[in-house]
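**Student:** Sharing a structure below in structure tokens format, with a few things to ask.
Every read-out reported here was derived from the displayed coordinates using simple, explicitly stated rules and does not represent laboratory data. Note that the structure is a prediction, hence the values are computed from the model and not measured. Please note: Cβ atoms are built from the backbone with ideal geometry, for glycine as well, and neighbour counts cover all protein chains shown.
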There are 2 protein chains.
Amino acid sequence: MKVKKIIDISLPISGSMLVYPGNAAPKLEFTRKIPGKSILSAITLGSHTGTHVDARMHVRHGAVKETIEKIPLEAFVGECRVLDLTKVKGNAIGERHLRKFKLKKNKIILLKTKNSLRGFKKFTFDYVYVDESAAAYCAKAGIRTIGVDYLSVQKPNSGNYRVHELLLDNKITIFEGLNLAKAKGGKYFFAGLPLNVVGAEGAPARCVLLEV
Amino acid sequence: MKVKKIIDISLPISGSMLVYPGNAAPKLEFTRKIPGKSILSAITLGSHTGTHVDARMHVRHGAVKETIEKIPLEAFVGECRVLDLTKVKGNAIGERHLRKFKLKKNKIILLKTKNSLRGFKKFTFDYVYVDESAAAYCAKAGIRTIGVDYLSVQKPNSGNYRVHELLLDNKITIFEGLNLAKAKGGKYFFAGLPLNVVGAEGAPARCVLLEV
């Protein structure tokens, strides 16, 4: 496969990046900087920092075995479609917005919204999210993976995790924190690879889109 | 692009995984486990833990700007070749072992050795490495990326970083800690994506091979 273009759709990880309120900022610490020796560092970051994957255990306390290392690789790599939803009015992506894209079984879809146009300098609760009708539609269609361009797929301060549950209970893998500013709507090849942290309810991921 | 098979060539990250002596084991800590709330965790790991990428700053103290976020995406994604070197006697991969594969400019190569056959349960200094003649040959051929199946590309306790330097000074990206047990020699599509940790001299990566 020849690649025409590679687009990085991950958020760079740094101490000054946006994080969900209450989460700690990532920390890079140099653990060895001795002349004549190689330099070493360690990184500490929340599993839901920046671009990341949610496993079902994130919102289902009983799903202690449904952690990152159990997600099939097919959820991370394959043909995908970026849905251009930047023209949607308001902050809720509903079933009516997704219907026209005719979602199908096992597909990987990434939702590009106004979030990507605004950028990711500072955290805001005024972000575009997926509502319950859209999540239920994704579940019914049987898609494999959904990616969103903000730190959470669901409405802020919802008081519940219904949107996460509708997706994760139906074996849909969730990528959050994508930056789709540089990706137009259309077809791509997606590689979104989370660190394989055994036993974790989420993991940071580096994600790219390929034009092939 | 249709994918026939996806092979995970990364080492799972856990507190009991092998680490280079002197390095701390990775740590997964649950930072929130409150009924009715989503579960959260944080991960701490050395930048050279498990499967990872070395940036030039790792061995060149002056190269403070040659860090992970500066490596072109083409070093991480593209057609690649797994070189079957499992029959090599002794622990040194030399120029003479690589010559027959006719390395070419901008290629991604992954070296499969006895390391992958033995597995990665416990750290050993008795590992197969790339010697200076092989590193110089890679530099001369102008390959883009080299991946090795142990935690370091060079001979243990070498007393210098010549092999790293020969590669990194020549803009060859290094993946270390690959597990190539499940990959036969031959052609694949490679996606090896390190976390984009700004300012870091290395970063953990998840890597896959695709049969297409």
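**Student:** If you take the residues in the stretch B:130-153 that are of a type outside the set (A, V, I, L, M, F, W, C) and within 12 Å of the chain's Cα centre (by Cα), which one is farthest from B:Leu178 (Cα to Cα)?
**Tutor:** At the first step, the residues of the stretch B:130-153 found to be of a type outside the set (A, V, I, L, M, F, W, C) are B:131-133, B:137, B:140, B:142, B:144-145, B:147, B:149-150, B:152.
Imposing the further condition that a residue be within 12 Å of the chain's Cα centre (by Cα) reduces the set to B:145, B:147, B:149-150, B:152.
Details: B:Thr145: 13, B:Gly147: 7, B:Asp149: 4, B:Tyr150: 6, B:Ser152: 10 Å.
Here the answer is B:Thr145.
**Student:** Now a separate question. Need at least 2 residues that are within 14 Å of chain B (Cβ to nearest Cβ), in contact with a helix residue (DSSP H, G or I) (Cβ under 7 Å, 6 or more places away or on another chain) and closer than 30 Å to B:Ser10 by Cα per element, so show me which helices (runs of 4 or more DSSP H) inside the stretch A:96-212 make the cut, counting only ones lying wholly within it.
**Tutor:** Numbers: elements: A:114-118, A:132-141, A:162-168.
Where helices (runs of 4 or more DSSP H) fall fully within the stretch A:96-212 and carry at least 2 residues being within 14 Å of chain B (Cβ to nearest Cβ), in contact with a helix residue (DSSP H, G or I) (Cβ under 7 Å, 6 or more places away or on another chain) and closer than 30 Å to B:Ser10 by Cα, they are A:162-168.
**Student:** Test of understanding: among A:Leu40, A:Leu83, which residue is farther than 27 Å from A:Ile6 by Cβ and either surrounded by fewer than 16 Cβ atoms within 10 Å (Cβ to Cβ) or of a type in the set (A, V, I, L, M) (or both)? Step through it out loud before you land on a result.
**Tutor:** Working: A:Leu83 fails: farther than 27 Å from A:Ile6 by Cβ.
Among A:Leu40, A:Leu83, only A:Leu40 is farther than 27 Å from A:Ile6 by Cβ and either surrounded by fewer than 16 Cβ atoms within 10 Å (Cβ to Cβ) or of a type in the set (A, V, I, L, M) (or both).
**Student:** Which residue is surrounded by the fewest Cβ atoms within 10 Å (Cβ to Cβ), if the candidates are limited to the stretch A:86-136 and must be more than 29 Å from B:Cys207 (Cβ to Cβ) and β-branched (Val, Ile, Thr)?
**Tutor:** That would be A:Thr124.
**Student:** Continuing with this model, one more query. Looking only at the stretch B:83-93, count every residue that is over 18 Å from the mean Cα position of the chain (by Cα) and in contact (Cβ under 8 Å) with a residue 40 or more places away in the chain and tell me the total. Before you say what the answer is, go through the steps one by one.
**Tutor:** Filtering the stretch B:83-93 down to residues over 18 Å from the mean Cα position of the chain (by Cα) leaves B:87-90.
Next, from what is left, pick out any that are in contact (Cβ under 8 Å) with a residue 40 or more places away in the chain: B:88.
Result for the stretch B:83-93: 1.
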